[in-house]
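See below for the structure under consideration.
The values are calculated or read from the model by the stated rules, or taken from the named source; none is laboratory data. Bear in mind the structure is a predicted one, so any value in this text is a computation, not a measurement. Glycine gets a Cβ as well: all are built from the backbone with ideal geometry, and neighbour counts include every protein chain shown.
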Amino acid sequence: MISNFFVLSPRGDTIIAKQYRNDRGDAGAHERSHTEAFFRKVKFWDDHAPPAFMMPDGLTYLHVKRNGLIFGCATARNVSAVTVIELLNTIARVFKDYCGTLSEEAIRKNFILLYELLDEMMDYGYPQITRTQNLKSCVYNEPIIVDPIGNTSKMVNPKTASASAVHKPVISSVNANGRKSDSSGPQKNEIFVDILERLNVLFSANGYVLNSTIDGCIQMKSYLAGNPQLRLALNEDLVIGKNNGQYGAPTVDDINFNDIVNLTEFESARTLSFVPPDGEFVVLNYRVTGDFTTPFRIIPSIEEVDSKKLEITVLIRADMPANHFGANVTVEIPLPKCTAVASCTVIASPGSGATSAEFIRADGKILWTLKKIPGGTEQTMRCKVTLSQSCTTQIRREIGPINMNFEIPMFNVSNLQVRYLRIAENMVGYTPYRWVRYVTQSSSYVCRLN
Amino acid sequence: MAKGKDGGGGGNSNDSKYFTTQKKGEMHELRMELHATEKHVKVDAVKKVIASMTVGKDVSMLFTDVLNCVQTGNIELKKLVYLYLINYAKTQPELTLLAVNTFVKDSADANPLIRALAVRTMGCIRVDRITEYLCEPLGRALRDDDPYVRKTAAVCVAKLYDIAPELVAERGFLDTLHDLISDSNPSVVANAVAALSEIAESSGKDVMKVSAAVLQKLLAALNECTEWGQVFILDSLAKYTPADGREAEGIIERVTPRLQHANSAVVMSAVKVILSYMELMGSSNIRSDAIRSLTRKLAPPLVTLLNSEPEIQYVALRNINLIVQKRPHILENEIKVFFCKYNDPIYVKMEKLEIIIKLVSEKNIDQVLLELKEYSTEVDVDFVRKSVSAIGRCAVKLERAAERCIGVLLELIQTKVNYVVQESVIVIKDIFRRYPNRYESIIATLCDNLDTLDEPLAKASMIWIIGEYAERIDNADELLDTFLETFEEEDPAVQLQLLTATVKCFLKNPEDTQDMVQRVLDLATEESDNPDLRDRGFIYWRLLSTDPEAAKMVVLGDKPVIEDDTFRLDPGLLNVLIGQIATLSSVYHKPPEAFVVRRAAGISADDDEEDDDDENYEDGDTGEGDLLDMGGMNINDSRGATASVYETKSPMNKVCGAEKSNGIEVYAGFRQVNGTIRMEMQMNNISSPAEIQGLAIQLNKNSFGLSPTSQQISCNPPIAPGSSGIATVELVVTPNMLAPQSANQPASPQVQIAIKNMQTGTVFYFAVDFNLEALFSQDGTMERSVFIESWKSIDDRNELYGTVSDIPPENLDIDTVINKFKANNIFFIARRPVPNAEGQEVVYFFMRTITQMEFLAELTFKQGVTACKICLKTENSSYGLLAKQAIEYLLRDF
């Protein structure tokens, strides 16, 4: 399998490096210089380096980026690329579970713990124990908690940061128990359940939906003492696979499950049972394409006032029920390179929070931010653009596409619901807390203007 | 290694005194702490040591001090010490030897974690001496009660094999690993499979051979295993070839649920197994239904992979690229999911484009064009160019949509964006070549944009268009003339195009362009120092001056129409890659041997030889036999045309004449001796100046995957001029050397060989026909009932008939035949008289090759007739003919 494993900081410093085998012949003396060469190559691609490529030393380097950090490894063999990338993802996840947050500082502070973890997670480059839960019994070092917000926020690239709902540091007391005792301490018994849906929607200029998919998952983070069995029930009428459902029933195209999930009751009652491992884990992933109501509609119009003046109007209509709202909404509209002046006005409807729109010259686009869009309302932004030359079709084409980012708390588009979550623990005084959350986020929510 | 040592000690280095003492002080302090009595001080001290180690400081001088700390019942401290040891195990193995006693002692500790730690660490120390100590504990660990120890031990066997393969064989550890496949603990199973697969891969030996029993074990373990274990098992299954379609279907059924796994590695490996086995399911009606339903099952998980992290998406897309080439139906209706998202990383977008082009059809072309047009307004230049080029490729692929595609391209040209125009011109040239004389109306638009073109490829394309359609462009000569002004500065590709275009122009319109053509020819032949350009210039010149009509036929002749196959993989390669789904090979779209450096696994070979090996290997690999292409040089096709000169059973044929090899005549043949395949060569030194002593041999890829175990052949005693001698080459079968086979064509028996005479440096090539009997395996027996089942299950279309006549009388006795066949690993199954036919008897034989191909034969003898009827059945139909020939040969010539 893989020859070595390393974590690089956003500046290319090696924070963690571990060699599992000697594929290069020399005794790893130049290890660091090879990693540096690799980092330069990644930079050369302007952060768009494909996740697997071969370096002049004859080894293939594979890597993933998490929170600005590069988790990478090299191999001389024809390994399964998917396996290695999944493995790197898993390592990143376990590190996060143990450190609380994934940042350069957290890794540096906890490096002995992490080396110990790596020894257990991989032997001779082969994945061994990779579940946070199972690792507990063979890992002895204690994590040093790093303040998750303070220093890390600069490092974190919001695009790649995990969408996990729970931001409190994880597994704070996890391995004090080790093999030695069960954790019936004063720890709070709680479990977080997120039903997370990311939307990919593409609108045409006249408002039609050209393409739409939902990437959904149910993820959990468990702090339940004694790891009791859980039963999670979904909608009874949930239909799997397109074209075989009845009208109106929630339908998903495809669904896959974590292998801890027992599916014996899934066919009949749409109920899953499993013992939640510690830490963050995905219970199931699902995918929906096509017919669903998009939460927001984007209606753009461009008017040529005279040869050098354009007026762009964008209307956003929130089509979800009135008791829900879109939060942290941003709308980006790229303008032509020859834009001289652009002034924006916002017509806010009642109920929306602070809203503003301005032209950001450096990025060449209008950034319209809205704190809140309540369901059933309409928001409009008007922008008068003056060009430094006469408008041509080519210049018109430079406007757009409009890209929208948002989050809708406590709402999901697919109608997949958790009917109940039962915790099978009958101990006296065992009062587990269940936090079930629905979140809809934009993944790629785009409207074309041509 | 020495480097690390001086770094830290630094007694006589140039460091300032202060700094040195400071360091010493630090080390001293640490040393004191390591010897402290309080546990937590010790623990902290070891942690500090490790901290220094990881930032690159040398703390090896504390080795004995740290090692002392290992004498503790405290597992936390012990683990820390091991963390330190394992680091030096790799870089300073001789130091670690000091710790051997500790390892051996710990390997019998009461705590399983410590037992495992000891074994794990010892396996990482690559020193011969330590392996002696390792074997005992390892043997015990493999049978340990605790699964944690067993799983660690399983991986350790792979480590040991890398250092000392002979020890692994000696101790029977491979058999133990095989036993562990049915272990009760899933992690142990996973590691046993992983270790066996690794050993199989690095040794080239089939130690992970999947037999019927192993298959059942694997399938049983599949449900219980960890996610990684499932991947290892599925990958092993993918290498197995089911006996028939039914078995394949059975396994597929067990594998299909894995498609729902959340780990995409499991999904991809399952896809690989299913696609590889689908090949074997045949094409009868029932089967094609089954295949159709499988196809339906494969699409959703593949699409779901595209919702994973971008890194996974990338690998998935590279694989889907292969899958849509192999089985286009799977995703034919899913083109929409490959449309690029706004926020996809560029490497994902590029791969999606490739797949869009593969899936585009007349049904979805309008949608696709809309998308591609949109992409061509994006920011990333490479992506835009690829999108524009994709539009052209759609036109080349779909005749009916070509006009719409051209419309879009023209629209894009209007944008005047430099790189968009250039890319459009390049693809429009391809469209012109695909549909000659159909869309010339757009030439005018192209000509309007001449000034935009500054890239060689775009210029060359435009010039080609001008030359090709010179008669329809009023001012073709003027346009070319503008390019000619800068002729000397142009890229060679542009110069060549200019030369050709001018000549075309001249042939079409000689009056006005006489001067111009003269000028170009002068420039090309006299001013240029590019040999290609000069040569082409001279050819045109001579053509034009001797026979203008011939020139017309040559220069203006019909060109072959191009197809949209530029990006298609060769079917042979594609099949290889389908078997490699999920691996790096499928990401690079190259067979593994093209990028994995072959290593002499644990076998001590001297370095020079290894280098040499790699080099030759690369050469042999480029272009399917370019190097060794013998064209029509195959001298001796028919077996036995030259009388056997040597007394073995190898059918020796003259394969190389003295004129080709600088005086060496070669006769060669194959046979199997004690399970080893040998090529035997008789060398007659007719006129080679020196004694033939050392030879290097290289085989081209062949239908059997044969390759020599060693590339060096020595002739002992040396063959002096005028005498002859024997050279033997041992061969092994490796999948890497397997030439791609097309399914319906009989496999070629030819093995192409290159030999270098080390004395004279002469390299010569020849081909020998392989006789398949040398490949029959010694364990080719088969149960009678299984034989009957197989016989029935093989489709009648895979049957070969033939009659052998003129059999020597001694070979007509069936018992003799049975015995003689047995000596050649063709095994007797049954015999019976033919009912209602006096004096006729049928005999059934079975043979299996080392490569697991099976052949079933029915021979019919009739009393008093010196002939015999053969009927041969096999699933490996392309090799059937060779097996039949082998039988015929053995019957005729004992």
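Any residue at all in the stretch B:521-541 that is part of a helix (DSSP H, G or I), among the aromatic types (Phe, Trp, Tyr) and without any contact (Cβ under 8 Å) to a residue 24 or more places away in the chain?
The answer is yes; a qualifying residue exists.
Taking the stated definitions as given, is B:LEU496 over 19 Å from B:TRP464 (Cβ atoms), of a type outside the set (Asp, Glu) and in contact (Cβ under 8 Å) with a residue 40 or more places away in the chain?
The answer is no for B:LEU496.
Which of the following residues is away from every other protein chain (no Cβ under 12 Å), part of a helix (DSSP H, G or I) and within 27 Å of A:ASN89 (Cβ to Cβ): B:VAL189, B:VAL193?
B:VAL189
Looking at (1) assigned to a loop (DSSP other than H, G, I, E, B); (2) crowded, with 18+ Cβ neighbours inside 10 Å; (3) modelled with pLDDT under 85, which is the only condition B:GLY620 fails?
(1)
Here are the criteria: (1) in the same structural domain as A:ILE16 (by the TED database); (2) modelled with pLDDT under 90; (3) over 21 Å from B:VAL55 (Cα atoms). Tell me which single one A:LYS159 does not satisfy.
Among (1) in the same structural domain as A:ILE16 (by the TED database); (2) modelled with pLDDT under 90; (3) over 21 Å from B:VAL55 (Cα atoms), A:LYS159 violates only (1).
For the stretch A:211-262, which positions are at the interface with chain B (Cβ under 9 Å from one of its Cβ atoms), in contact with a helix residue (DSSP H, G or I) (Cβ under 8 Å, 6 or more places away or on another chain) and either under 14 Å from A:GLY290 (Cα atoms) or outside any strand (DSSP E or B) (or both)?
Once the filter is applied, which keeps residues that are at the interface with chain B (Cβ under 9 Å from one of its Cβ atoms), in contact with a helix residue (DSSP H, G or I) (Cβ under 8 Å, 6 or more places away or on another chain) and either under 14 Å from A:GLY290 (Cα atoms) or outside any strand (DSSP E or B) (or both), the stretch A:211-262 yields A:ASN211, A:THR213, A:GLY241, A:ASP253, A:ASP254, A:ASP259.
Just name the residue that is nearest to the chain's Cα centre (by Cα) out of those in the stretch B:734-751 that are in a loop (DSSP other than H, G, I, E, B), among the hydrophobic types (A, V, I, L, M, F, W, C) and buried (at least 18 other Cβ atoms within 10 Å of the Cβ).
So the residue we want is B:ALA739.
Filter the helices (runs of 4 or more DSSP H) completely within the stretch A:33-152 down to those with at least 1 residues that are of a type in the set (A, V, I, L, M, F, W, C), more than 10 Å from every other protein chain (Cβ to nearest Cβ) and under 19 Å from the mean Cα position of the chain (by Cα).
A:81-99
Within the set of pairs 6+ apart or on separate chains, which have a first residue in the stretch B:278-294 that is at negative phi, a second that is charged (D, E, K, R) and modelled with pLDDT under 80, and C-beta atoms under 9 Å apart?
From residues that are at negative phi, the pairs are B:MET281/B:ARG287; B:SER284/B:ASP795.
I'd like the residue in the stretch B:566-597 that is assigned to a loop (DSSP other than H, G, I, E, B) and among the aromatic types (Phe, Trp, Tyr) and, out of all such residues, is farthest from A:CYS73 (Cα to Cα).
B:PHE567
Determine which single condition B:LEU98 fails, assuming it passes every other condition in (1) within 12 Å of another protein chain (Cβ to nearest Cβ); (2) assigned to a helix (DSSP H, G or I); (3) hydrophobic (A, V, I, L, M, F, W, C); (4) in contact with a Leu (Cβ under 8 Å, 6 or more places away or on another chain).
(1)
Could you go through the stretch A:394-401 and let me know if any residue there is at the interface with another protein chain (Cβ under 10 Å from one of its Cβ atoms) and more than 22 Å from A:ASP306 (Cα to Cα).
Yes, the stretch A:394-401 contains a residue that is at the interface with another protein chain (Cβ under 10 Å from one of its Cβ atoms) and more than 22 Å from A:ASP306 (Cα to Cα).
Being small (Gly, Ala, Ser) and either away from chain A (no Cβ under 14 Å) or over 23 Å from A:GLY241 (Cα atoms) (or both) is the filter here, so list the residues in the stretch B:245-294 that pass it.
Across the stretch B:245-294, the qualifying residues are B:GLY245, B:ALA248, B:GLY250, B:SER276, B:GLY282, B:SER283, B:SER284, B:SER288, B:ALA290.
Would you mind finding the one in B:ARG150, B:ARG171 that is away from every other protein chain (no Cβ under 14 Å) and basic (Lys, Arg)?
Criteria check complete, one pass: B:ARG171.
All but one of (1) without any contact (Cβ under 8 Å) to a residue 60 or more places away in the chain; (2) in a helix (DSSP H, G or I); (3) closer than 28 Å to B:TRP464 by Cα hold for B:THR377; which doesn't?
If we test B:THR377 against (1) without any contact (Cβ under 8 Å) to a residue 60 or more places away in the chain; (2) in a helix (DSSP H, G or I); (3) closer than 28 Å to B:TRP464 by Cα, just (2) comes out false.
Checking the structure you have, find out if any residue of the stretch B:802-815 is part of a strand (DSSP E or B) and in contact with a Pro (Cβ under 9 Å, 6 or more places away or on another chain).
no
With the condition kept exactly as written, say whether any residue in the stretch B:119-132 is outside any helix (DSSP H, G or I), in contact (Cβ under 8 Å) with a residue 12 or more places away in the chain and more than 14 Å from chain A (Cβ to nearest Cβ).
no
List every residue pair whose Cβ atoms sit under 9 Å apart, with the two residues 6 or more apart in sequence or on different chains, where the first one lies in the stretch B:824-837 and is within 19 Å of B:THR781 (Cα to Cα) and without any contact (Cβ under 8 Å) to a residue 60 or more places away in the chain and the second, anywhere, is assigned to a loop (DSSP other than H, G, I, E, B) and polar (S, T, N, Q).
Cβ pairs passing all conditions: B:PHE827/B:THR781; B:ILE829/B:THR781.
Checking the structure you have, find out if any residue of the stretch A:287-303 is in contact with a strand residue (DSSP E or B) (Cβ under 7 Å, 6 or more places away or on another chain), within 30 Å of A:ARG131 (Cα to Cα) and buried (at least 16 other Cβ atoms within 10 Å of the Cβ).
Yes, that holds for at least one residue.
Tell me the residue from A:ASP363, A:ASP306, A:ASP319 that is surrounded by fewer than 16 Cβ atoms within 10 Å (Cβ to Cβ) and within 14 Å of another protein chain (Cβ to nearest Cβ), please.
Of the residues listed, the single one that is surrounded by fewer than 16 Cβ atoms within 10 Å (Cβ to Cβ) and within 14 Å of another protein chain (Cβ to nearest Cβ) is A:ASP363.
In the stretch B:387-401, is there at least one residue being free of Cβ contacts under 8 Å to residues at least 24 places away in the same chain, under 23 Å from B:LYS341 (Cα atoms), of a type outside the set (A, V, I, L, M) and assigned to a helix (DSSP H, G or I)?
So far as the stretch B:387-401 goes, no, none of its residues is free of Cβ contacts under 8 Å to residues at least 24 places away in the same chain, under 23 Å from B:LYS341 (Cα atoms), of a type outside the set (A, V, I, L, M) and assigned to a helix (DSSP H, G or I).
Can you tell which of A:SER301, A:SER273, A:SER212 is among the polar types (S, T, N, Q) and touching a Gly at 6+ places or on another chain (Cβ under 7 Å)?
Being among the polar types (S, T, N, Q) and touching a Gly at 6+ places or on another chain (Cβ under 7 Å) holds for just one of A:SER301, A:SER273, A:SER212, which is A:SER212.
Any residue that is assigned to a loop (DSSP other than H, G, I, E, B), surrounded by fewer than 17 Cβ atoms within 10 Å (Cβ to Cβ) and out of contact with any Lys or Arg (no Cβ under 7 Å at 6 or more places or on another chain) - is there at least one of those in the stretch B:444-455?
Within the stretch B:444-455, one or more residues are assigned to a loop (DSSP other than H, G, I, E, B), surrounded by fewer than 17 Cβ atoms within 10 Å (Cβ to Cβ) and out of contact with any Lys or Arg (no Cβ under 7 Å at 6 or more places or on another chain).
Looking at the stretch B:79-95, which of the residues that are more than 9 Å from chain A (Cβ to nearest Cβ) and modelled with pLDDT of 80 or more is farthest from the chain's Cα centre (by Cα)?
Looking at the filtered set, the residue picked out is B:VAL81.
Conditions (1) over 30 Å from B:SER714 (Cα atoms); (2) assigned to a strand (DSSP E or B); (3) out of contact with any strand residue (DSSP E or B) (no Cβ under 7 Å at 6 or more places or on another chain); (4) modelled with pLDDT of 80 or more, marked per residue:
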residue: B:ILE753; (1), (2), (3), (4): no, yes, no, yes
residue: B:VAL768; (1), (2), (3), (4): no, yes, no, yes
residue: B:GLY780; (1), (2), (3), (4): yes, no, no, no
residue: B:VAL786; (1), (2), (3), (4): yes, no, yes, yes
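Go through (1) surrounded by fewer than 20 Cβ atoms within 10 Å (Cβ to Cβ); (2) away from chain A (no Cβ under 11 Å) for B:ILE356 and report which single condition fails.
Failing condition for B:ILE356: (1).
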